Amino acid sequence: MSEVDAASIHGAVRPEGNNHCPFTRGASPHATQNACKMCTPLGAALAFAGVEGCLSILHGSQGCATYIRRYLISHFREPMDIASSSFSEEDAIFGGGRNLKIGLDNVCAAYHPLLVGVATTCLAETIGEDVPQILREYRESRDNETIPQIVHVSTASYSGDHWDGFHKTVRALVEQLAFEPVGVATETPSINLFGGMLSCEDLRYLKRSCEEVGIKAHLIPDYSETLDGGSWSAYRRIPDGGTPSASIVGSSASMASITLGALSSIHPESAGAFLHRRFAVPHLSMPLPMGIEDTDRFLSQLAFLARGDVRPWHPDTSVLFLNPETESERSRLIDSYVDGHKYVAGKRVAVFADPDLLAGLGAFLSETGLVPVLLATGSKVANTGPLVRRIASSDGSVPVLLTGVDHALIADRCRELRPDLIIGNSKGYPIARELGVPLVRCGMPIHDRIGAQRVLHLGYSGAQRLYDQIVNTLLEHRQDGSETGFSYL
Amino acid sequence: MIEILKDRKTQVFTKGDSANALKCDRKSVSGSVSQRACAFCGSRVVLYPISDALHLVHGPIGCAAYTWDIRGSLSSGPQIHRLSFSTDLQEKDVIFGGEPKLYNALTDLIARYKPKAAFVYSTCIVGLIGDDVEAICRRVSREAGIDVIMVESEGFKGTKKTGYQAACDAVYKLVGTGDTSGISKVSINILGDFNVAGESWLIKRYFEEMGIEVVSVLTGDGRVDEIRRSHGAALNLVQCSGSMTHLAHSMERDYGIPMKRVSFFGVEDTSAALYETVSFFKDESLLDRARNVVSGRMKAVMPELRMAKAELIGKRAALYVGGAFKAFSLVRALRNLGMETVLAGTQTGNNEDYELLRDICDEGTVIVDDSNPLELAKFCLEKDVDLFIGGVKERPIAYKLGIAFCDHNHERKICLAGFEGMINFAREVRDSVMSPVWKYVPRRAGRCRIGSPGAEPGPACFPEKEVPHV
């Protein structure tokens, strides 16, 4: 063939052969196949990105920073600058302290950060770098007035995953920045709000909810603007937004802390637990506000706090208080649950997500009549009780619960359980495709769709959006698969 | 005003302004937010497309997690390369050693997937904790009866280039182990094409139409058995010079196979590559057939390219890519579309590369080695570019500033090679540059019809079309 029709040119022609998305062939007890997790420093970089004027530097090889940048950019579609101390072979043998100091100088010169977050990689940890000591030397060798604040966190990727890295970093921020309150009464009573690893839209929801009841909240961290900002007229060294470091410094003087997430909130090493121990800030733990009941709880707790009451809200003892707008949202959500209940009744759902989101999704799905048959997370979870706290199905069946697993095992269980729907991030696509069932995307990473930053999981409105999407996905799947193809369902 | 870091000033060069040579081939400046990755990345991208081999990453999870099914490299058969395998080292492995885990993982995965060979990638900490990966590979190779090859890709060992070399060394262990009988005298290997979006298939077809046998493509749609007999080819064509030159040199040294550097990006370079190949074989009938391939396809693609050029003429482009050869081709391809390259940079170019780049670029073009987001943004603004060509890491720099973008990295899913690929390239560029969305972007909104000073039509000027308000 020498004549080519230009109009039909799109790409090369695939030779005969298979055209399949690859299948995993059973979980291995020895190897991780298609990991259901990311590495610890990624979580650190994400948390640091939620602090105002913060640039993070990974102490290790250049590739760690670059891979993490690329992965986060593919999800958020925003600039994500992460520096690296760029270890060479020599540094791996003799230590990278000098490199880190040069890196700090260069980061300060190029980015003018207000705060630098230093996270270690497995390389730095393995050679036993004493980062606090390196930073002490750095501070001593520089005029203290001219260098930004530096917060460091130890994030070897062989201990924990991105989820651990994130929470460790939040804790490090608070631990290293919060000061003993010095007798200055704050104008308005404020709370600390540790939302966790959420979407930008979720973070905005949390801020809005606090504003609506007149609470000043230190949302830590807050990457809702830094990782979902508008179009720029000039290049920003560091995107606008983020939790001001003053808010973290002042977190010790807040009237209370709220930590969200069924698992994160009860972790003994959480930032909220630290503030409680160190500064006696009352600590309120609750699951992510997903679905009706947990959103009720969150908003009622905020209403309590708005009145200065720091006791934990309990459904049995208190009356739910909502403003009229939110009340209507809640009412519309219930109405839609009714409208859709027969479409979802008994539909089997496999869910995989980070632990807090997983617990939240399970609880939300159970409210609607969808049946979670599989709950899986790549993170290791010591106490799995909170993951299934509100799971209930009409026939009393319990979902298969998998923690610390990879996608090969999730795929195995999905093949056995034959769910009608899979909920999780983009990494569930291969198994969804293999089984011919739809995938509703949420969590992170979502890098085969646009708008991952704007997926709202929280509140009545988040539940509303997820619910509509789930019902419509199921309807679409049924419609597409039917022979008649009714346009009126 | 964005300043260039003191340590990086010698890595930036403006053609016409400075006579000094550009400094390159250096390790990245600490803290500079380099766009480069590491040696592991280099090895992983080169070997990735070998689709009937097992690729096991020995180390903690990150390295494997971030390279799971990310490349656009297609396979016409097995798909094992698109899965992600890791020993997922944990703290106890770091303390007590990861050898048992590596052994078990390899044995188990080989039994499951029955690959033709296995590559084991060493990551940063593997050497430090004292794992004898080589010994494990030998043992499993013996027991499983397939080649199990260690790739010395510890990230800190250097840049992507170091990793390319490690990958070449690894794959070279397969070369020369297969039967070369039946291979034509008029035969080639194509090195450094990775079959992104099926590009290797496209290029192979040109050669097949010309009657030239393609023994193997390294590593696009790669197969272990093809690589084993690749030493039977008469000539090595080396594309993406950075990644595979080392392998070509080894094959030249040990098997006397000469090499030619070519590029299949853009109609000029593709034509040149075909004619150069023909000239090597000194066969008149081949030349005729090459002419047929080239002229037939040129006839097919030129009308659309001319149409695209009419719209794109005078627009300015910035490009920042991995290797220099792609940069050369892109400068020429953009010129074909009437566009001027005002910023050209690479992650891993060498002195020779940058000299050539300087020669083919116009006066005033900024040339930059191992750049970073701040510098790239600075030059994009100073040069007022209309288009940025790069990879996913560069995309937000362009988009945030309201600049059109074309992905020319290995993650793309669109075929940009050869004659047909040039049409796709033109469409990609035109679809982005001519989009109405830029009208709303703050950096450009204010000067829709004004154009930039001293230039007519202004590069930032939106076409003089009335956009109806509905």
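Go through the range A:71-81 and count every residue that is facing another protein chain (nearest Cβ under 7 Å) and either crowded, with 24+ Cβ neighbours inside 10 Å or under 19 Å from residue A:236 (Cα atoms) (or both).
The total comes to 6.
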Determine whether residue A:297 is without any contact (Cβ under 8 Å) to a residue 40 or more places away in the chain, surrounded by fewer than 22 Cβ atoms within 10 Å (Cβ to Cβ) and of a type outside the set (Val, Ile, Thr). yes
Residue list for the range A:318-352, filter: within 30 Å of residue A:395 (Cα to Cα) and without any contact (Cβ under 8 Å) to a residue 12 or more places away in the chain: A:331, A:335, A:338, A:339, A:342
Residues of the range B:381-392 being at pLDDT 95 or above and either within 19 Å of residue A:230 (Cα to Cα) or in a strand (DSSP E or B) (or both), in sequence order, are B:387, B:388, B:389, B:390
Let me spell it out: the conditions are (1) assigned to a helix (DSSP H, G or I); (2) touching a residue at least 40 places away in the same chain (Cβ under 8 Å), and residue B:94 meets all of them except one. Which number is the exception? (2)
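Residues checked against (1) surrounded by fewer than 24 Cβ atoms within 10 Å (Cβ to Cβ); (2) more than 8 Å from chain A (Cβ to nearest Cβ):
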| residue | (1), (2) |
| --- | --- |
| B:27 | yes, no |
| B:36 | no, no |
| B:51 | no, yes |
| B:58 | no, yes |
| B:74 | no, no |
| B:84 | no, no |
| B:95 | yes, yes |
Residue list for the range B:382-418, restricted to those being free of Cβ contacts under 8 Å to residues at least 40 places away in the same chain, closer than 30 Å to residue B:201 by Cα and either surrounded by 21 or more Cβ atoms within 10 Å (Cβ to Cβ) or touching a strand residue (DSSP E or B) at 6+ places or on another chain (Cβ under 6 Å) (or both): B:395, B:404, B:405, B:406
Answer with yes or no whether residue B:242 is under 26 Å from residue B:324 (Cα atoms) and out of contact with any strand residue (DSSP E or B) (no Cβ under 7 Å at 6 or more places or on another chain). yes
For the range A:431-489, which residues satisfy the criterion of being of a type in the set (Phe, Trp, Tyr) and either within 28 Å of residue A:296 (Cα to Cα) or touching a Cys at 6+ places or on another chain (Cβ under 7 Å) (or both)? A:460, A:467
Sort out for me the strands (runs of 3 or more DSSP E) sitting completely within the range B:226-341 that have 1 or more residues that are over 21 Å from the mean Cα position of the chain (by Cα). B:235-238, B:316-321
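If only one of A:166, A:179 is closer than 30 Å to residue B:89 by Cα and either touching a helix residue (DSSP H, G or I) at 6+ places or on another chain (Cβ under 8 Å) or in a loop (DSSP other than H, G, I, E, B) (or both), which one is it?
Working: A:179 fails: closer than 30 Å to residue B:89 by Cα.
Among A:166, A:179, only A:166 is closer than 30 Å to residue B:89 by Cα and either touching a helix residue (DSSP H, G or I) at 6+ places or on another chain (Cβ under 8 Å) or in a loop (DSSP other than H, G, I, E, B) (or both).
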Among A:13, A:107, A:4, the single one that is at the interface with chain B (Cβ under 7 Å from one of its Cβ atoms), more than 28 Å from residue A:379 (Cα to Cα) and at pLDDT 95 or above is A:107
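Look at the range B:38-49 and say how many of its residues are within 7 Å of chain A (Cβ to nearest Cβ) and assigned to a helix (DSSP H, G or I).
Result for the range B:38-49: 2.
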When you check residue B:169 against the structure, is it surrounded by fewer than 20 Cβ atoms within 10 Å (Cβ to Cβ), away from chain A (no Cβ under 14 Å) and under 23 Å from the mean Cα position of the chain (by Cα), yes or no? yes
Quick one: is residue A:68 at negative phi and either surrounded by fewer than 24 Cβ atoms within 10 Å (Cβ to Cβ) or not in a helix (DSSP H, G or I) (or both)? no
I want to confirm something. Restricting to the range A:316-349 and keeping residues that are assigned to a loop (DSSP other than H, G, I, E, B) and small (Gly, Ala, Ser), which single residue is farthest from residue A:372 (Cα to Cα)? A:318
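Can you tell me how many residues within the range B:356-368 are free of Cβ contacts under 8 Å to residues at least 60 places away in the same chain and not β-branched (Val, Ile, Thr)?
Counting residues in the range B:356-368 that are free of Cβ contacts under 8 Å to residues at least 60 places away in the same chain and not β-branched (Val, Ile, Thr) gives 3.
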What number of residues within the range B:421-444 satisfy the criterion of being touching a helix residue (DSSP H, G or I) at 6+ places or on another chain (Cβ under 6 Å) and closer than 30 Å to residue B:290 by Cα? 4
Here is a check on your reading of the model: is residue B:379 within 13 Å of chain A (Cβ to nearest Cβ) and touching a residue at least 60 places away in the same chain (Cβ under 8 Å)? yes
Scanning for something free of Cβ contacts under 8 Å to residues at least 24 places away in the same chain and within 20 Å of residue B:70 (Cβ to Cβ), does the range A:410-430 turn up at least one residue? yes
So, in the range B:413-443, how many residues would count as being assigned to a loop (DSSP other than H, G, I, E, B) and within 11 Å of chain A (Cβ to nearest Cβ)? 5
Can you find a residue that is farther than 23 Å from residue A:283 by Cα and either surrounded by 24 or more Cβ atoms within 10 Å (Cβ to Cβ) or outside the structural domain of residue A:457 (by TED's automatic domain parsing) (or both) anywhere in the range A:164-178? no
Just checking, does the range B:359-373 include any residue being within 14 Å of chain A (Cβ to nearest Cβ), closer than 25 Å to residue A:235 by Cα and not polar (S, T, N, Q)? yes
From A:465, A:418, which residue is at positive phi and not small (Gly, Ala, Ser)? A:418
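Being in contact (Cβ under 8 Å) with a residue 40 or more places away in the chain and in contact with a His (Cβ under 7 Å, 6 or more places away or on another chain) is the filter here, so list the residues in the range A:433-483 that pass it.
A:442, A:444, A:445, A:446, A:447, A:452, A:466
The values are calculated or read from the model by the stated rules, or taken from the named source; none is laboratory data. Being a predicted model, the structure only gives us computed values, none of them experimental. Backbone-built Cβ (ideal geometry, glycine too); neighbour counts: all protein chains shown.
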